[in-house]
Amino acid sequence: MSQIQIEVPAEVQQLWAALPGPIVHYPLEVLRRTASPVGRPDSATRTLVDQMKEAMTAAYGLGLAAPQVAESQRIIIYRLPEERAPMQVIVNPRIISAKGEQTGPEGCLSLPYLHGDVTRAREIIVKGLDMLGRPLKRRASDLEARVIQHEIDHLDGILFIDRADLSTLEWHLPIAGDGVDPDGPVE
Ligand code: NI
């Protein structure tokens, strides 16, 4: 997977600079690094995951990977945009099976306001650990499968721009005075 480089317009860089932490933005090097596996989730892992949950919720995100808060560890979280959907945490996630295809728009909390179409597997089976270090196996499809694939990519230094149909990449800047991304879910 080749790492695509894009130019971030000065206007967009200014908007990014005004966003609250701790989520880091392209092209910070930690976003392009391969993250390290977690040995056994401990209290430091819980602290990190709490920080990730808070950051993702504050940014109205669907998913977040630890490198996005500058921690090069293999941890992802996500929460589907459904009422009462639980917050999911997967430590050392890996996809053991992938089927079918889906193409749809994606965004990323580390590339705010950029959107583009990405083709991914429609159904996956993912294995990993839960926060207590117990093995976990989950079957996911459609949006859930897309989010998990997007977040696992972050652990390998891959961003959605590397997989996007480049002709669809577009900046959707917020309307002045409204800090909220007009296009909703981002990962
Ligand atoms: Ni992302």
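Contact list please: Cβ distance under 6 Å, first residue in the range 83-94 and on the phi > 0 side of the Ramachandran plot and of a type outside the set (A, V, I, L, M), second residue in a loop (DSSP other than H, G, I, E, B) and open to solvent by 40 Å² or more (accessible area, probe 1.4 Å), pairs at least six apart or on different chains.
What qualifies is ASN92/PRO37.
Restricting the range 156-187 to residues that are at pLDDT 75 or above and in a strand (DSSP E or B), which is nearest to the chain's Cα centre (by Cα)?
The first filter runs over the range 156-187 and keeps only residues at pLDDT 75 or above, leaving 156-175, 187.
Next, only the ones that are in a strand (DSSP E or B) stay: 164, 170-171.
Details: ALA164: 14, GLU170: 18, TRP171: 18 Å.
The extreme case among them is ALA164.
Which of the strands (runs of 3 or more DSSP E) contained wholly in the range 46-155 include at least 2 residues that are within 16 Å of the ligand (Cβ to nearest atom)? Break it down stepwise before answering.
On the way: elements: 63-65, 75-78, 88-99, 102-106, 114-120, 123-129, 135-141.
Filter on the range 46-155 gives 63-65, 75-78, 88-99, 102-106, 114-120.
I'd like to know if the range 19-31 contains one or more residues that are surrounded by fewer than 12 Cβ atoms within 10 Å (Cβ to Cβ) and under 16 Å from ILE158 (Cα atoms).
First, pick out the residues of the range 19-31 that are surrounded by fewer than 12 Cβ atoms within 10 Å (Cβ to Cβ): 20-21, 29.
Then keep just the ones that are under 16 Å from ILE158 (Cα atoms); that gives 29.
Yes; the residues of the range 19-31 include at least one that is surrounded by fewer than 12 Cβ atoms within 10 Å (Cβ to Cβ) and under 16 Å from ILE158 (Cα atoms).
Spot the failing condition for ARG84; the list is (1) at pLDDT 95 or above; (2) under 28 Å from THR47 (Cα atoms), and only one is missed.
Evaluating ARG84 over (1) at pLDDT 95 or above; (2) under 28 Å from THR47 (Cα atoms) leaves (1) as the failure.
Quick check on this structure: which one of ALA98, ALA145, ALA121, ALA140 is modelled with pLDDT of 95 or more and open to solvent by 20 Å² or more (accessible area, probe 1.4 Å)?
Working: ALA145 fails: open to solvent by 20 Å² or more (accessible area, probe 1.4 Å); ALA121 fails: open to solvent by 20 Å² or more (accessible area, probe 1.4 Å); ALA140 fails: open to solvent by 20 Å² or more (accessible area, probe 1.4 Å).
Step by step, each of ALA98, ALA145, ALA121, ALA140 is checked, and only ALA98 is modelled with pLDDT of 95 or more and open to solvent by 20 Å² or more (accessible area, probe 1.4 Å).
The values are calculated or read from the model by the stated rules, or taken from the named source; none is laboratory data. Every value quoted in this text rests on a predicted model; they were computed, and no experiment measured them. No Cβ is skipped: glycine too gets one built from the backbone with ideal geometry, and neighbour counts run over all protein chains shown. Quick note on the areas: whole protein, heavy atoms, side chains included, nothing else; ligands and nucleic acids left out. Shrake-Rupley method; radii C 1.70, N 1.55, O 1.52, S 1.80 Å.
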